[in-house]
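See below for the structure under consideration.
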Amino acid sequence: MPTMGNVLGLIFANMHDGAIHDLTKVRTMGSVPFGGRYRFIDFTLSNMVNSGISEIGVITKANYQSLIDHLGSGREWDLTRKKGGLHILPPYGQVGSGMYRGRLEALGGVINFIRHSSAEYVILSDCDVIASMNFKEIIKAHEESGADITTVYSKTYYNSSDNSSKTVLNLDENNIVREVLINPSITGLSNVSLNIFILEKKFLETIVADAIARNLYSFEVDILQHKINEFDIRGYEHNGHLSQIDSMLEFYEANMNLLRPDIRQELFSTYAPIYTKIRDESPAKYGINSSVKNSLIADGCIIEGEVENSILFRGVIVNKGATIRNSIIMQGTEVGGEANIDHVITDKNVIIGDSRMLSGSPQYPVFIGKKAVV
Amino acid sequence: MFVKKECVAMLLAGGQGSRLYALTQAMAKPAVPYGGKYRIIDFPLSNCVNSDIDTVGVLTQYQPLALNDYIGNGQPWDLDRIHGGVHILPPYQTALGASWYKGTANAIYQNMSFIERYSPEYVIILSGDHIYKMDYSKMLTFHKEKNADCTIAVLEVPMEEASRFGIMSEDDDNRIFDFTEKPAEPSSNLASMGVYIFTWDKLKKYLIENEEDESASKDFGKNIIPAMLDDGQNLFAYHFTGYWKDVGTIDSLWEANMDLLDPNIPLDLYDAKWRIYSRNPVMPPHYIGLEAQVQNSMIAEGCNIDGIVDFSVIFSGVTIEEGAVVRDSIVMPNTTIKKGAKVEYAIVGQDCIVGEDASIGVRPELMEDKSKWGVAVIGHDIKINSGSVIKPKQIIDTDI
């Protein structure tokens with residue numbers, strides 16, 4: 001087994017920002033609220049911490065105030081360390097770095113941080129994957145296979161007409177990647193890349209330096225595709241439950257999946273908990289007329305109305321006579337008396353007035369922006 | 001080198017809480033869970049931080065492990081400080097021998113060196129047994145304005161309960177002229193809340209004198225306050241009017257939890273300006289199932305509720321299975337109530353398993369002989385077998 005103190009985690013907080021534009025207008029992909037009390041980045045960070053990784057860099061690009069507020073000193077993830085710990089890496093952090101165009105350029109911008117680490121391996125990960133993942137096993141597989149790059153994928157149904165941005169891998173019987181297809185026009189069960197890569201730190205430093213010298217910036221195009229015959233690139237299949245958030249609909253469904261006990265049990269296992277920022281809210285309070293069914297309710301909520309098939313984030317107030325169905329209600333939202341909402345996603349601190357009616361559909365949930373007053 | 005502090009808090013947390021029986025068998029009273037996610041000690045600790053008192057000594061003696069673990073380095077209360085912060089102060093051994101804390105005053109006496117290193121003007125004495133939100137900084141201002149040597153926080157209690165408290169009489173200027181600890185025939189209903197501010201130089205003198213008196217019981221209410229009154233020192237009563245509850249008995253602990261469900265009771269835990277901090281569990285939001293019915297209750301994170309819950313306080317990580325009923329009860333962290341079990345007017349400790357169709361407690365209206373009715377209690381880490389019946393007032397401290 002590798003000693004996980006030997007692994008550096010690098011998380012790209014802004015990758016795929018465009019996929020759920022409504023939610024990333026005011027924040028990074030990493031700080032998109034999820035599952036009643038989390039942000040996307042909590043899953044990747046907690047997976048790393050639960051796998052024994054204690055040195056993690058978070059690469060940001062824009063809109064990162066909410067991310068910095070959320071992560072703070074990294075205490076909630078046990079990452080306030082003298083050795084290693086959490087490092088936020090904004091653009092312009094070193095001479096010659098700036099707004100990057102792709103992963104390679106982003107890595108070039110933080111190359112001094114990478115060089116400074118004493119780790120042997122690096123894990124690169126985005127923030128769009130909601131899963132419980134054990135990186136120890138992936139690193140072990142990487143070491144045993146002798147690959148230059150191990151890329152984690154999931155066998156899932158891919159539909160090109162979803163017009164999302166995904167990479168599909170074709171593997172041979174030894175799990176060696178033979179073909180890398182970016183947004184291919186195919187439909188069916190495919191090996192969809194999760195954009196999680198493991199490689200030796202020295203090797204990463206070499207390819208990043210080489211790419212910068214040649215003005216190349218895309219890890220997928222310039223490394224995975226163009227160097228497919230030069231490097232030993234292997235796939236590692238993630239078998240458990242997984243959501244890869246690439247659209248509002250996927251975001252909605254990934255949240256709703258948490259109402260299933262089997263998925264909750266897998267994601268929030270006692271042995272691999274998901275850590276997040278603490279807000280010291282009081283427990284949720286249910287009033288005399290409350291009726292709640294099949295819902296996830298976070299701390300600090302005060303519920304006097306009816307809630308069904310929904311997810312309520314921290315500090316949501318549901319007034320008397322209000323009905324919430326099939327909805328995702330983010331932190332600090334207040335739903336007025338006798339209001340009726342169905343298939344709605346509200347961003348943080350929304351106010352829905354008394355007796356308002358809002359209704360979306362399972363395919364097109366209505367989205368209400370941050371701090372909106374309806 | 002220690003930075004000087006104007007006021008140091010000393011929190012008496014060594015009490016056994018013997019009237020909480022099974023709930024304090026393996027933990028000191030201040031560590032007993034309260035209000036869905038808190039421990040009793042969260043209230044005085046949060047009051048300190050919210051009142052800008054950042055140096056707190058916590059005096060422990062009885063079963064300190066749970067309490068020590070819980071307080072840790074004080075980070076949840078923002079009390080992990082370079083200068084000051086929270087310090088656990090257990091009894092210790094010296095070159096002259098070792099001794100337990102023999103009374104509230106003796107506990108402070110034994111830790112005079114801790115207080116002295118901050119050279120404070122004032123010391124506030126608190127206890128870890130009460131649920132209340134109080135701004136100690138206002139009381140300190142009062143103490144300074146009155147040029148007092150000792151200020152005692154008081155509240156008016158019903159006359160029939162007055163003999164349970166330290167009772168005092170005051171003049172129009174709030175000056176105390178009489179103080180009796182637990183009087184058989186109380187002269188007033190002004191009760192001490194167990195919150196004292198002393199001017200440190202004065203307190204120090206009386207602590208030393210009290211220590212030299214071998215007949216003294218080394219207690220604030222019995223010795224220090226009466227001695228100061230006899231000497232004509234300036235003692236004042238500071239009136240507190242908010243919610244305050246001593247949770248020293250099963251009934252009062254049960255009531256204090258139920259108070260949180262009563263909208264007419266002025267203890268607001270949702271006030272962002274006066275948060276009660278606690279060590280938070282790492283758990284997802286709680287889940288309310290398709291068949292569940294939840295009303296008039298508080299539910300913390302990580303719970304899975306598929307049964308009926310009414311007028312109850314449910315702590316984090318509790319499972320209530322389908323067909324189970326929990327009414328007018330308190331269920332502490334990580335306990336499971338199995339299918340068909342019925343919990344009414346009960347306190348169930350943490351990490352328990354209540355088996356299928358077990359029955360714990362009874363509604364008072366169903367009892368013919370009301371004198372036999374009372375809250376049923378299950379201690380911590382206890383397994384109740386399927387079908388077992390626990391009667392009202394029964395206290396269970398081993399598996400059955």
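The values are calculated or read from the model by the stated rules, or taken from the named source; none is laboratory data. What you are looking at is a predicted structure, and each value in this text was computed from that prediction instead of being measured. Every residue, glycine as well, gets a Cβ built from its backbone with ideal geometry; the counts of neighbours run over all protein chains shown.
Scanning the stretch B:129-136 for any residue that is surrounded by fewer than 14 Cβ atoms within 10 Å (Cβ to Cβ), part of a loop (DSSP other than H, G, I, E, B) and not aliphatic (A, V, I, L, M) turns up nothing.
Out of all the residues in the stretch B:259-291, which are farther than 19 Å from B:Gly349 by Cβ, assigned to a loop (DSSP other than H, G, I, E, B) and more than 7 Å from chain A (Cβ to nearest Cβ)? Outline the logic, then answer.
To start, the set of residues in the stretch B:259-291 that are farther than 19 Å from B:Gly349 by Cβ comprises B:259, B:261-277, B:280, B:282, B:284-291.
Next, from what is left, pick out any that are assigned to a loop (DSSP other than H, G, I, E, B): B:261-271, B:275-277, B:280, B:282, B:284-285, B:289-291.
Answer for the stretch B:259-291, where residues must be farther than 19 Å from B:Gly349 by Cβ, assigned to a loop (DSSP other than H, G, I, E, B) and more than 7 Å from chain A (Cβ to nearest Cβ): B:Leu261, B:Asp262, B:Pro263, B:Asn264, B:Ile265, B:Pro266, B:Leu267, B:Asp268, B:Asp271, B:Ile276, B:Glu291.
What about B:Pro64, is it more than 14 Å from every other protein chain (Cβ to nearest Cβ), crowded, with 18+ Cβ neighbours inside 10 Å and at pLDDT below 95?
Numbers: more than 14 Å from every other protein chain (Cβ to nearest Cβ): yes; crowded, with 18+ Cβ neighbours inside 10 Å: yes; at pLDDT below 95: yes.
So B:Pro64 fits the description; yes.
For the stretch A:101-154, a residue qualifies if it is more than 25 Å from A:Ser269 (Cα to Cα), hydrophobic (A, V, I, L, M, F, W, C) and either assigned to a loop (DSSP other than H, G, I, E, B) or without any contact (Cβ under 8 Å) to a residue 60 or more places away in the chain (or both), and the qualifying residues are A:Val110, A:Phe113, A:Ala119, A:Ala147.
Note on the stretch A:291-331: among residues that are surrounded by 22 or more Cβ atoms within 10 Å (Cβ to Cβ) and hydroxyl-bearing (Ser, Thr, Tyr), the one that is farthest from the other protein chains (Cβ to nearest Cβ) is A:Ser327. Summed over the stretch A:140-165, the residues that are touching a helix residue (DSSP H, G or I) at 6+ places or on another chain (Cβ under 9 Å) and more than 24 Å from A:Glu205 (Cα to Cα) give a count of 3. Does the stretch B:224-232 contain at least one residue that is crowded, with 16+ Cβ neighbours inside 10 Å and either of a type in the set (Asp, Glu) or assigned to a loop (DSSP other than H, G, I, E, B) (or both)? Checking the stretch B:224-232: not a single residue is crowded, with 16+ Cβ neighbours inside 10 Å and either of a type in the set (Asp, Glu) or assigned to a loop (DSSP other than H, G, I, E, B) (or both). Residue-level check: of (1) closer than 25 Å to B:Val375 by Cβ; (2) within 11 Å of chain A (Cβ to nearest Cβ); (3) of a type in the set (Gly, Ala, Ser), B:Ala256 misses just (2).
All conditions in (1) in a loop (DSSP other than H, G, I, E, B); (2) within 10 Å of chain B (Cβ to nearest Cβ); (3) of a type outside the set (Phe, Trp, Tyr); (4) crowded, with 17+ Cβ neighbours inside 10 Å hold for A:His241, with the sole exception of (2). Across the stretch A:347-361, not a single residue is classified as closer than 16 Å to A:Leu249 by Cβ and crowded, with 23+ Cβ neighbours inside 10 Å. Here A:Gln265 passes the criteria (1) under 30 Å from A:Thr167 (Cα atoms); (2) under 18 Å from the mean Cα position of the chain (by Cα) except the one numbered (2). When the stretch B:292-328 is filtered for residues that are under 17 Å from A:Gly36 (Cα atoms), in contact (Cβ under 8 Å) with a residue 60 or more places away in the chain and not hydrophobic (A, V, I, L, M, F, W, C), the ones remaining, listed by number, are B:Glu301, B:Ser316.
Is it the case that the stretch B:336-346 has a residue that's out of contact with any Asp or Glu (no Cβ under 6 Å at 6 or more places or on another chain), in a loop (DSSP other than H, G, I, E, B) and within 27 Å of A:Asp280 (Cβ to Cβ)? The answer is no; no qualifying residue exists.
Looking only at residues of the stretch B:39-61 that are buried (at least 20 other Cβ atoms within 10 Å of the Cβ) and over 16 Å from B:Ser127 (Cα atoms), we find that the one that is nearest to the chain's Cα centre (by Cα) is B:Asn50. For beta carbons closer than 6 Å, sequence separation of 6+ or different chains, a first residue in the stretch A:327-350 that is within 18 Å of A:Lys25 (Cα to Cα) and a second that is acidic (Asp, Glu), the qualifying pairs are A:Met330/A:Asp347. Considering the stretch A:14-31, and only residues there that are crowded, with 24+ Cβ neighbours inside 10 Å and hydrophobic (A, V, I, L, M, F, W, C), the residue that is farthest from A:Ile59 (Cα to Cα) turns out to be A:Leu23. From the list B:Lys342, B:Lys338, the one residue that fits, being farther than 24 Å from B:Leu20 by Cα, crowded, with 20+ Cβ neighbours inside 10 Å and away from chain A (no Cβ under 14 Å), is B:Lys338.
Every residue in the stretch B:108-128 that is of a type outside the set (Ser, Thr, Tyr) and either modelled with pLDDT under 95 or assigned to a loop (DSSP other than H, G, I, E, B) (or both), please.
Kept after step one, since they are of a type outside the set (Ser, Thr, Tyr), are these residues of the stretch B:108-128: B:108, B:110-112, B:114-117, B:120-121, B:123-126, B:128.
Passing the criteria: B:Gln110, B:Asn111, B:Arg117, B:Pro120, B:Glu121, B:Gly128.
Yes or no, residue by residue, for (1) over 19 Å from the mean Cα position of the chain (by Cα); (2) in a loop (DSSP other than H, G, I, E, B):
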{"site": "A:Ser161", "(1), (2)": "yes, no"}
{"site": "A:Leu181", "(1), (2)": "yes, no"}
{"site": "A:Ser193", "(1), (2)": "no, no"}
{"site": "A:Phe197", "(1), (2)": "no, no"}
{"site": "A:Asp210", "(1), (2)": "yes, no"}
{"site": "A:Tyr217", "(1), (2)": "yes, yes"}
{"site": "A:Leu224", "(1), (2)": "yes, no"}
{"site": "A:Met256", "(1), (2)": "no, no"}
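Against the condition loosely packed, with under 13 Cβ neighbours inside 10 Å and assigned to a strand (DSSP E or B), how does A:Tyr157 come out, does it pass? In short, yes.
Mind checking which residues of the stretch B:345-362 are closer than 8 Å to B:Thr335 by Cα and among the charged types (D, E, K, R)? Residue satisfying the conditions is B:Asp351 alone. Tell me whether the stretch B:296-317 contains one or more residues that are aromatic (Phe, Trp, Tyr), outside any strand (DSSP E or B), under 16 Å from B:Asn257 (Cβ atoms) and more than 14 Å from chain A (Cβ to nearest Cβ). Looking through the stretch B:296-317, none of the residues is aromatic (Phe, Trp, Tyr), outside any strand (DSSP E or B), under 16 Å from B:Asn257 (Cβ atoms) and more than 14 Å from chain A (Cβ to nearest Cβ).
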